[in-house]
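Worksheet: one structure, shown below.
The values are calculated or read from the model by the stated rules, or taken from the named source; none is laboratory data. Just so it is clear, the structure is predicted and the values come from calculations on it, not from any experiment. Because the Cβ atoms are built from the backbone with ideal geometry, glycine has one as well, and the counts that use them run over all protein chains shown.
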């Protein structure tokens, strides 16, 4: 019963490899040995993904989320020394800080170059901030950059609209047309045809 439950919980390719085992304890040991042997490869794979991960075209939140997921997977597989005593020496906090600082450095290394200034400011802090604090600073910088970009786009759009308007292209066009039309009308009013004895034209145009 126990063996069937375990086998049904496994992927088919894994269950096929241990279906010959008839004892539940032996089956459990087989599986434990199998996964223990693959921990090294899994650690290598996750660490390589962390090293290769960079922000690229994604935003700060997405980049942080992907990095954090990989760190959590790595932390689950890694064997770490843990302080289980009830002392107040601060060993737990020190060990946690020693684990977090390399993660922070790795995270900052993968940022795009537009964050060079804020990255430098974070690295100058003593002690180094927590991941949550660094993430908050980077989010603020990202929002400021988005605001500046949107403001510049609106300014460029307004400038383009003004330059493309007909009045801006020829501010004197309407005035010149009106003056020319009025002058022609005044000239016509002074013309007189000595042939038909009518005004507003000459003999040549009669």
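The residue list 45, 100 contains one member that is in the same structural domain as residue 5 (by the TED database), at pLDDT 85 or above and over 27 Å from residue 146 (Cβ atoms), which is 45. Of all residues in region 97-153, those satisfying the criterion of being more than 30 Å from residue 73 (Cβ to Cβ), surrounded by 11 or more Cβ atoms within 10 Å (Cβ to Cβ) and free of Cβ contacts under 8 Å to residues at least 12 places away in the same chain are 144, 146. Look at (1) surrounded by 14 or more Cβ atoms within 10 Å (Cβ to Cβ); (2) touching a helix residue (DSSP H, G or I) at 6+ places or on another chain (Cβ under 7 Å); (3) at pLDDT below 75 and you find that residue 2 fails only one, number (1). Every condition in (1) surrounded by 10 or more Cβ atoms within 10 Å (Cβ to Cβ); (2) at pLDDT 85 or above; (3) over 24 Å from residue 61 (Cα atoms) is met by residue 93 except one, and the failing one is (2).
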